[in-house]
Amino acid sequence: MRILKLAVLISGNGTNLQALIDACAAPDFPAEIALVISNRPDAYGLERAEKAGIKAITIDHKSFDDRESFEDSVHEALTEAKVQLVCLAGFMRILTATFVRRWQDRLINIHPSLLPAYKGLNTYERAIEDGVRFAGCTVHYVRPDVDTGPIIIQAAVPVLSDDDPDSLAARILPQEHIIYPEAVCLIASSKARVRGHKVIIDDMPVPSGAYIAPVPKK
Ligand code: GAR
């Protein structure tokens, strides 16, 4: 079995990193995490990686003069570790078009909304404010514009009338932990292919790449 070498880029808690660590621990999972990079030295995700015996480094953006030199350093670490797929998991730095193009179709992200709705920050607040009935999360290939790129998998959850941003986030996060490893698995097993601005998924039961979480019982 081909084992795809991953890097996971984080800035904080790293629960999505943990989901990927746990998935990679299964003997039949077609990927392994070769490197974790945090741009913040205090990110709890670094401890998660260390506990799992995974190489974890901090590349602190504050110690670079500009975005380009920070990204050069990240690129060098990824190349040295022979990384084949970069997974952004709560990595809260905007990447330049140069970096994104260097890793074109080898760079994916998880975002807490049903893209293309609610790009950027405060996704839960904005969804509640708009009164939408469904919210969710998306794993997508990264393109130069923020939170843009071919969609691999989405999970939808209901928005309840008494939701606040915390309760909605708490309903979405477990779905992130399901779809991120699933997306990596699809890529690693060559079942997801980028065609134009879309991702085509082979060998998946209908509906491919779509998960709907049940309405929670009160
Ligand atoms: C996740 O909800 C992820 O979708 C979001 O940050 C959180 C990180 O949590 N990412 C973004 O908002 C990126 N635009 P984690 O550190 O526990 O994985």
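What follows draws every value from the coordinates through simple rules; no lab data is involved. None of the values given here were measured: they were computed from a predicted structure. So basically every Cβ, Gly included, is an ideal-geometry build from the backbone, and we count neighbours across all protein chains shown.
Mind ordering 136-148, 159-171, 6-18 by average Cβ neighbours within 10 Å, highest first?
With the highest mean Cβ count within 10 Å placed first, the list reads 6-18, 136-148, 159-171.
Between SER190 and ALA25, what length in nm is gained on full extension when 0.36 nm per residue of separation is reduced by their alpha carbon distance?
Full-extension gain reported as 57.4 nm.
With n ≥ 4 as the cut-off for DSSP H runs, can you work out [θ] at 222 nm for the chain, using -39500 (n - 2.57) per run divided by the number of residues, rounded to the nearest 500? Write down the numbers at each step before the final one.
On the way: 6 runs with 70 residues, N = 218.
Helix contribution divided over all residues of the chain: -10000 deg cm²/dmol.
Between ASP72 and VAL132, take the C-beta separation as r, use R0 = 45 Å, and let me know the FRET efficiency to the nearest 0.05.
It comes out at approximately 0.65.
Could you calculate the contour length gain from GLU47 to ALA169, that is, 0.36 nm times the residue separation minus the distance between their Cα atoms, to one decimal place in nm?
Stretched out fully, the GLU47 to ALA169 stretch lengthens by 41.6 nm.
Grab the other residues whose beta carbon is less than 13 angstrom from that of PHE70, score K and R as +1, D and E as -1, and report the net. Could the numbers behind the result be given before it?
On the way: positive: ARG40, LYS62, ARG67, ARG93; negative: ASP60, ASP65, ASP66, GLU68, GLU71, ASP72, GLU76.
Net charge around PHE70: -3.
Projecting each Cα onto the charge dipole of the chain (Lys/Arg +1, Asp/Glu -1 at the beta carbon, about the Cα centre), which of LEU186, ALA25, TYR44 comes out farthest on the positive side?
Ranked along the dipole, the leading option is LEU186.
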